[in-house]
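Beneath this line is the structure, given in C-alpha cells, with notes to follow.
The values are calculated or read from the model by the stated rules, or taken from the named source; none is laboratory data. Treat the numbers as computed from the prediction; the structure is a model and nothing was measured. Ideal geometry is used to build each Cβ from the backbone, glycine not excepted, and the neighbour counts take in all protein chains shown.
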Amino acid sequence: MEYVLEVKELTKQYTKVLAVDKVSFTIGKGEIFALIGPNGAGKTSTIRMISTLLTPTAGDAIVGGHSIIKEPEKVRESITYLPDEAGAYKNMTGLKYLRFMAGLFTSDLDTLNEYVERAKKICALGDRLEDKIGSYSRGMIRKLLLARAVMTKPKLAILDEPTSGLDVLNAIEIRKMIKQLAAEEGMSFLLSSHNMLEIEFVSDRVGIITGGHLMVTGNGKELKERYNAANLEEVFERVVNEHEIH
Amino acid sequence: MKFINLLKKELSELINLQMILGLIVSLGIFMALGGIMNVTIDEAVEKTSNVTLRISDRDDTEFTKTMLETIKKDGNKIELFTTSGDDYADILSSNSINDIVVIPKGFTEDFNSGKRPQIVTVSRMTSAATISNINAGLSNSVTLIEKYLSEKKAETGGLDSKQYDLVKNPIIIAENTVVDDKSAAVSSDKIVGKISIQNMMLPLIVFVLIILTSQMLMSTVANEKTDKTLETLLSAPVSRGSVIGAKMLAAGLIALINAAVYMFGFKIFVGDATSKITDSAGEYVKSNLSVDEALKQLGMELTGMDYFLVGLQLFFTIMICLSVSLILGALVNDTKNTQSMIMPIMMLAVIPYMISMVADINSLPTVFKYIVYAIPFTHTFSAIPNIMFGNRTLFFLGLGYQIIVFAICMFFALRLFMSDKIFTISLNFGQKTKYKIKKRKAVKENKTNS
C-alpha cells in the first residue's frame, strides 16, 4: 500500500516530561486516520512534530517520501495544518486571507487563483468573503480555515479538533466535506478529536494514544470487536483504563 | 515572491488607520506646539519691546515729579495712577492693570536725609509659565528709578555722569563661549536658552517612539501566538527566517517612517519655537553675534547630515526595541499580558530619559555613567548633545554599541523562533495555563465518573 505518512518510533522529550514515546503508525492515500486520547496524552505534540513545528527527540516521520527531520521544507509543501481553536488575521477580509495563504504555497499567479477559487467553493461563504474576518462567527472562521487547509490539495491535511466549538449543523457539514475530499480527491487526513461520534463517522482507522504511548490502532469495527464494546467511546475508556492499571 | 507576500501581510497588519492617524496627529502636535510657542514668545517679545511704566506717585513732591519727567524724556512711556491703601489686588483690578510701582509717602524725605527710600512693586501672576510671567514694565520702572537716584546721589557727591558711569560699570565684559576647539563672542546663557528646547523635546520623542514601536510588535507577535496563526504560518512552505525577516522588516519600515515623521516634526517645532528667541536675543546683544551665527561659529548648528545621524541612531534604538519585543511577545500566552511585558523596555527607557532631562550623563560619577551608558537607549537620548558639543567619537561609539546590542538581541530572537521554544515557552504571571485548567477539569470529570 502507498503510504502518505509513515511515523517511525517518534519520541518527544520535554525538559521534565516524556510527551510522546516511540509512536509508530501509517496513513495510506485517501485514508482518514484519527488520533484520539485524553488531555495531555501527546496528540498535539505528535501532530506538531509531523507538521515540522517541533523537532523530534528521536524517531522520524516520512511524509510523501520526505523526512520531517532531513527535509522539513519538502514536508511543508506536502502538508497543511489546521491547529485546534485557530484564528485568522482579523483585519484581513476572508478573500485576502485566502490569497495570502495561497501565496505561501505557490508563486505562480494562475495556480494561486486556482487555489483561491477552490477555497471559495469549499467554504461557501459567498459575499461574506469580502468582509473582515473580525466580523465572522466561529463557524464561518472554521469553514474558512478548513477551506484554506485543503485548497492546495495537500497530500496530507492535519486537522486538530476540526469541529471544536461548532454547532451540530456546521460540524456535520465539515465532516461530510472531509469524507468527500478523501473519497473523491484521494486526500489523506490526520485528525485529532475528543468527539467519539465524529471519529466513528469520519475516520477509516483510529489510533488511541495515552501517556505518550500509542496503545492501539485499527478501524472502528475491529476495535469494538476486540474490546467487546458497543461503541468507540467504550473502547476509548477501556484502553485508557488499561494503560492506567499498567 | 513568498517573502514579498509575507512582508505585504505584515505591513497590512501594522499600517492601519490608527497608525496613520497617530502619525498625522503627532505631526500636527509638533506644528501646533511650535506655533503656540511662537505666539507666546511673540507676545513676550511684544511685552518687552513696547513697555508702559505704570506708576502711582503717592509722595507727589517736586523731586518725584522731576524724576518721572526725566524718565519720560528718556523715551519711556509712563502712565500715572492715583491710588490709596494697601489692597493691591483691588488697585490692579479697579484700574484693569497687571502691574504697578507705588512711590510711597516719605520717599523724597528719606532720599534727602540719606536713608534708602522704599518703592512698592505689585504684579499679577496668572500662571506658572516662565514666558507668560515676563514683566518688563515693572523691572524697567525699578531700574530707571534706581538709575535716576544713583545719578542724583553721584551729583551731590561731586561726580559727573561720566565718572558715575565708571563707578557703576568699572569693567567692560566681552562674553565668549567655547565649545570644543571653537569659540564665539556670545554668552553661554543665550546658547543654553536656544538649545534647551531641543534638549527637552528630543528625549520625549525617543521615549514615545520606544514605547509605541515595542507595543506594536509585541502585540502582533502575541496575537499570532495566541490565535495560533503562527503555527499555521510556520507549517507552510516558507522558512522561519523569512517569517521573522518579514515581521522585522515591516516593523523596521514602520519605525523608519515614524522616525522620519517625528524628526521632520521636531525640525519644524525647533524652527518655529526658537526663531523668535534668537531674534529678541539679537536685539539685546547689539554689538555681539546673533545666537544662530554663534551656533554656526561654534559648530553647534545641526546640519542635514546631523539630523540624518540622529535619525539613524533613533532607527537602531527602535530596531533594538523590536528585537526585544519579538522575544517578549513570544513569551506572552495571553494578549492581555503584553501591557505587563512592555514594562522592562519602559523602565530601560525611563532611566536615561529622566537623567537626560536633568543632567549631563557625562558628568555623572564614573560607575553610574557606565551603568547608564550600558542601556542602549541612552545613546539616542544623548545623540544631539554629543553631536552639538563635538563629541562625535562618543556618538559613533554609541551607534556602534547599539548595532552590537541589536545584533545580540536579534540573534536570541532568531534562536527562539528557530527552536521548539517558540511554541512551548511562556510567562504566565501566576495565571493558570490552559493546559493546567484542562487537566484539572479532566481529573475532576474522571473522579465524578468513577
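Structure notes:
Here's the yes/no breakdown for (1) at pLDDT below 85; (2) surrounded by 17 or more Cβ atoms within 10 Å (Cβ to Cβ); (3) in a helix (DSSP H, G or I):
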residue: B:N288; (1), (2), (3): yes, yes, no
residue: B:K296; (1), (2), (3): yes, no, yes
residue: B:M300; (1), (2), (3): yes, yes, no
residue: B:F316; (1), (2), (3): no, yes, yes
residue: B:V324; (1), (2), (3): no, yes, yes
residue: B:K336; (1), (2), (3): yes, no, yes
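- Test for B:T232: is it modelled with pLDDT of 80 or more, within 14 Å of another protein chain (Cβ to nearest Cβ), under 30 Å from A:G134 (Cβ atoms) and assigned to a helix (DSSP H, G or I): yes
- For region A:106-136, the set of residues classified as touching a residue at least 40 places away in the same chain (Cβ under 8 Å) and either closer than 21 Å to B:D227 by Cα or surrounded by fewer than 17 Cβ atoms within 10 Å (Cβ to Cβ) (or both) consists of A:K132, A:I133, A:G134, A:Y136, listed by residue number.
- Residue in region A:99-110 that is among the aromatic types (F, W, Y) and more than 9 Å from chain B (Cβ to nearest Cβ) present: no
- Per-region count, region A:65-89, residues in contact with a Ser or Thr (Cβ under 9 Å, 6 or more places away or on another chain), buried (at least 17 other Cβ atoms within 10 Å of the Cβ) and among the small types (G, A, S): 3
- Sole residue being farther than 26 Å from A:M215 by Cβ and buried (at least 24 other Cβ atoms within 10 Å of the Cβ), chosen from A:M101, A:M92: A:M101
- Restricting B:V206, B:V221, B:V238 to those that are crowded, with 20+ Cβ neighbours inside 10 Å and not in a helix (DSSP H, G or I) reduces the list to B:V238.
- Here A:L144 fulfils each of the conditions (1) modelled with pLDDT of 90 or more; (2) away from chain B (no Cβ under 14 Å); (3) touching a helix residue (DSSP H, G or I) at 6+ places or on another chain (Cβ under 8 Å) apart from (2).
- Checklist (1) under 30 Å from A:N113 (Cα atoms); (2) surrounded by 17 or more Cβ atoms within 10 Å (Cβ to Cβ) applied to A:E185, failing item: (2)
- Cβ-Cβ contacts under 9 Å between residues 6 or more apart (or on different chains), taken from a first residue in region B:353-364 that is over 16 Å from B:L204 (Cβ atoms) to a second residue that is among the basic types (K, R) and in a helix (DSSP H, G or I), are listed as B:I361/B:K369; B:N362/B:K369; B:S363/B:K369.
- Of the residues making up region A:30-74, those that are at the interface with chain B (Cβ under 10 Å from one of its Cβ atoms), free of Cβ contacts under 8 Å to residues at least 24 places away in the same chain and either touching a Gly at 6+ places or on another chain (Cβ under 6 Å) or more than 30 Å from A:E234 (Cβ to Cβ) (or both) are A:T55, A:P72, A:E73, A:K74.
- Condition check for A:Y81: within 11 Å of chain B (Cβ to nearest Cβ), among the aromatic types (F, W, Y), in contact (Cβ under 8 Å) with a residue 40 or more places away in the chain and part of a strand (DSSP E or B): yes
- Condition met for A:F201 (of a type in the set (F, W, Y) and in contact with a Lys or Arg (Cβ under 7 Å, 6 or more places away or on another chain)): yes
- Any hit, region A:119-133, residues being out of contact with any strand residue (DSSP E or B) (no Cβ under 8 Å at 6 or more places or on another chain), among the acidic types (D, E), more than 9 Å from every other protein chain (Cβ to nearest Cβ) and over 21 Å from A:V202 (Cα atoms): yes
- If the condition is being touching a strand residue (DSSP E or B) at 6+ places or on another chain (Cβ under 7 Å) and assigned to a loop (DSSP other than H, G, I, E, B), then region A:47-71 contributes A:S51, A:L54, A:P56, A:T57, A:G64, A:I68, A:I69.
- Flag for A:K96 being within 13 Å of another protein chain (Cβ to nearest Cβ), touching a Gly at 6+ places or on another chain (Cβ under 9 Å) and modelled with pLDDT of 90 or more: no
- Sole exception among (1) of a type outside the set (A, V, I, L, M, F, W, C); (2) over 20 Å from the mean Cα position of the chain (by Cα); (3) surrounded by fewer than 23 Cβ atoms within 10 Å (Cβ to Cβ) for B:G329, by number: (3)
- As a summary of the residue check, A:A88 satisfies the conditions (1) at the interface with chain B (Cβ under 9 Å from one of its Cβ atoms); (2) out of contact with any Phe, Trp or Tyr (no Cβ under 6 Å at 6 or more places or on another chain) except for the one numbered (2).
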